[in-house]
1. Among the residues of the range 24-42, write down those that are in contact with a Leu (Cβ under 6 Å, 6 or more places away or on another chain) and crowded, with 19+ Cβ neighbours inside 10 Å.
2. Here's a check for you: in the range 48-64, which residue that is surrounded by fewer than 20 Cβ atoms within 10 Å (Cβ to Cβ) and touching a Lys or Arg at 6+ places or on another chain (Cβ under 9 Å) is farthest from Thr155 (Cα to Cα)?
3. Only one of Leu45, Leu21 is of a type outside the set (Phe, Trp, Tyr), in a helix (DSSP H, G or I) and surrounded by 14 or more Cβ atoms within 10 Å (Cβ to Cβ); which?
4. Restricting attention to helices (runs of 4 or more DSSP H) lying wholly within the range 56-159, give those where 3 or more residues are in contact (Cβ under 8 Å) with a residue 24 or more places away in the chain.
5. When only residues in the range 135-159 that are open to solvent by 60 Å² or more (accessible area, probe 1.4 Å) and of a type in the set (A, V, I, L, M) count, which is modelled with the lowest pLDDT?
6. Do you know which residues across the range 67-93 are of a type in the set (Ser, Thr, Tyr) and open to solvent by less than 60 Å² (accessible area, probe 1.4 Å)?
7. Given the conditions (1) closer than 30 Å to Leu100 by Cβ; (2) not in a helix (DSSP H, G or I), report the number of the one that Leu173 does not fulfil.
Amino acid sequence: MKEPNRSIYQCAANWGIPFGLYLSCAAVASIYADWFAPLGFIFILMFLGTPVLSYAFQRRKFIEDNGFTEYAGLWMLGILLYILGSIISSFVVYLVLQYLRPGFLYEQAQNLIDIYQQMPEMKDSQLLETLQTIVHNGLIPSPIEAVFNAFWFITSGGSLVSALTALIAQRRLKKLR
């Protein structure tokens, strides 16, 4: 007897863990890219590969259901993948920012100030002045604030990406002989 197909939610729960680990690796690569330059390239590749991975999971579900998964179901699968993946990634990034690189956000703000100060067109800009005020007054976001901002950005952006990848994942199946 054939087993019933897994629900969208079961698939998202199963595939959300590897997707979250993938997002975590990309995030950690971006955090340490200033210490080891090849990590910046790895981050870019992983960033560009994220929609491909979400498409692969959506397409896999579509094929498992013999082409009967509706667009809304594939989109929901993508949304859930990004939500679950972001939860895992957020936890990892929080640990890195809180315990392994606690000064990372300050360092990045200071690096940006240094770059802007070297640019003649930016020396008297409002942006440079605002950045200096933020650093001087200690208004750099805490690790948990940065993580929550990233969580909402990834989940909302992932929802949009999932809408597009679901369209592509839903293309017709080739008939098997």
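1. The answer is Ala29, and nothing else.
2. The qualifying residue farthest from Thr155 (Cα to Cα) is Glu64.
3. Leu21
4. By residue number, 71-95, 104-118.
5. Top of the filtered list is Leu139.
6. Residues satisfying the conditions are Thr69, Tyr82, Ser86, Ser89, Ser90.
7. (1)
The values are calculated or read from the model by the stated rules, or taken from the named source; none is laboratory data. Every value quoted in this text rests on a predicted model; they were computed, and no experiment measured them. Methodologically, a virtual Cβ is constructed for each residue, glycine included, from the backbone with ideal geometry; neighbour enumeration extends over all protein chains shown. Remember, those area values only see protein heavy atoms, side chains included, never the ligands or the DNA or RNA. Shrake-Rupley method; radii C 1.70, N 1.55, O 1.52, S 1.80 Å.
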